[in-house]
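K.L.:
Would you mind keeping the following structure in view while I ask a few things?
The values are calculated or read from the model by the stated rules, or taken from the named source; none is laboratory data. Computed from a predicted model, the values in this text were never measured in an experiment. Here Cβ is always computed from backbone atoms with ideal geometry, including for glycine, and neighbour counts include all displayed protein chains.
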Amino acid sequence: MKFGEIVQPWLARKEATVKPSTYSVYTCAVHQYLMQKFGDVELDGIDEDVVQAWIGEMAASGLAYRTCKDRVVALRNALRFAEKKEWRKSGIRMDVVFPRRFSEEDERRELALTPETCDAIVKAVDKELECPSWYNTNVNNRVGVVISLFTGLRIGEVCGLKWEDIDLDEGVVRVRRTVQTNYIYAPDGTGRSKVSVGSPKSRTSRRDVPICAPLRARLERLDRPADGTSYFLTGTQSPTVPRTLRSSVDLFLERHGIERFNFHRLRHTFATRCIEAGVDAKTTSELLGHANVNITLNLYVHPNADAKRAAVDRMAEAFGCCLPKEAARTTSACPSGTAQRVIDEVNREPFVRVCNAVADVVLVK
């Protein structure tokens, strides 16, 4: 039996059991890549050596790690389905590895925005808040950028925010839904895009994130509608889709002379600054809505040289080795005194005070 013969039964099973976004990834992987590579290959002939060679080809072509991983995951999943149906021999090894240079860590490194860039973004948002008619723009989209920067929300979560989710009395942003645009392929190979509003990415992604002082100051300047069920970015019952928000942000950055960046870097910046400010990984993970702490550490936390130097200095102090005064931590990654203040505040009030303290680190003083 050939791989191409099991594709539609497998996709039908997945459509009924996974989220639309996951199903979209599978259909794209199948129709754009897997059918071309393995459609006419016998199922028993797709073994570890064949897949490992394929990974090498993708790495050599310069494909992103995530793209390669999505393809391999889809292939493995389809092959497991075939084994359960007894269309493929069981026990065929598939212990493939990715080349060292082709690692997700290398791809994500250095993605945190600098404090100078963060400061420029917030100042640009303030300019447009002061004169929205001059810029002829939807200022709520601009505040959406600040929301992601100071809360770590994903772009789909920002698009899914309704006014009722922004509780200034309680001082929290409630993440209850996400907006996604999924590209779905039909069995005949034709595709179409579909916008969906659904639950957050995982159970832990449904969360309340405290509103720090800088974010509150911007939110209070907006006109709050009487109908709290309207979406924050549009003011209507229809949400903005992520692609539209990305395009709007790109124009905003260009208008103010700020180098363009991927929207997800705002979330990455929030996570990285939390760790740099001394916030423990567990608290950071819960603020981000990750399923476990390892996701936070592996995906977002990349200590820079100053942070590593400060860590070694603290280790030396623990041994009783006194550093010369002139060698004191002059290159600390955080503003003077901030790290210890954050640690003290974490012990007293894990979430609200953490977000305010991280805001101090994100912005240039």
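K.L.:
Six or more apart or on different chains, Cβ atoms under 7 Å: show the pairs whose first residue is in the stretch 154-171 and over 21 Å from F263 (Cβ atoms) and whose second is in a helix (DSSP H, G or I) and of a type outside the set (A, V, I, L, M).
P.N.:
L168/R216
K.L.:
Here's something else I'd like to know. Considering only residues that are out of contact with any helix residue (DSSP H, G or I) (no Cβ under 6 Å at 6 or more places or on another chain) and of a type in the set (S, T, Y), look in the stretch 182-205 and name the one that is farthest from T244 (Cα to Cα).
P.N.:
Out of the qualifying residues, it is T204.
K.L.:
Checking the structure you have, find out if any residue of the stretch 139-147 is crowded, with 17+ Cβ neighbours inside 10 Å, of a type in the set (S, T, N, Q) and modelled with pLDDT of 95 or more.
P.N.:
no
K.L.:
Okay, moving on. Out of all the residues in the stretch 214-233, which are crowded, with 16+ Cβ neighbours inside 10 Å and either of a type in the set (S, T, N, Q) or part of a strand (DSSP E or B) (or both)?
P.N.:
Result: S230, Y231.
K.L.:
If you don't mind, another one. For the stretch 220-232, enumerate the residues that are more than 23 Å from the chain's Cα centre (by Cα), under 25 Å from I121 (Cβ atoms) and in contact (Cβ under 8 Å) with a residue 12 or more places away in the chain.
P.N.:
Correct list: E220, R221, L222, R224.
K.L.:
When the residues of the stretch 190-213 are filtered to those that are crowded, with 17+ Cβ neighbours inside 10 Å and of a type in the set (A, V, I, L, M), which remaining residue is farthest from E170 (Cα to Cα)?
P.N.:
Step by step, filter the stretch 190-213, then rank; the result is V209.
K.L.:
Out of the residues in the stretch 91-125 that are surrounded by 14 or more Cβ atoms within 10 Å (Cβ to Cβ) and of a type in the set (D, E), state the one that is modelled with the highest pLDDT.
P.N.:
It comes out as D119.
K.L.:
I would also like to ask the following. For the stretch 49-69, which positions are in contact (Cβ under 8 Å) with a residue 40 or more places away in the chain and within 19 Å of I6 (Cβ to Cβ)?
P.N.:
V51
K.L.:
Filter the stretch 233-262 for residues that are among the hydroxyl-bearing types (S, T, Y) and without any contact (Cβ under 8 Å) to a residue 12 or more places away in the chain and give the result.
P.N.:
T236, S238, T244, S247 - these are the residues of the stretch 233-262 that are among the hydroxyl-bearing types (S, T, Y) and without any contact (Cβ under 8 Å) to a residue 12 or more places away in the chain.
K.L.:
Kindly provide the set of residues from the stretch 174-202 that are free of Cβ contacts under 8 Å to residues at least 40 places away in the same chain and not charged (D, E, K, R), ordered by number.
P.N.:
If the condition is that a residue be free of Cβ contacts under 8 Å to residues at least 40 places away in the same chain and not charged (D, E, K, R), then T178, A186, T190, S193, S199 are the ones that fit.
K.L.:
Just a yes or no: is a residue in the stretch 244-267 crowded, with 18+ Cβ neighbours inside 10 Å and assigned to a strand (DSSP E or B)?
P.N.:
There is no residue in the stretch 244-267 that is crowded, with 18+ Cβ neighbours inside 10 Å and assigned to a strand (DSSP E or B).
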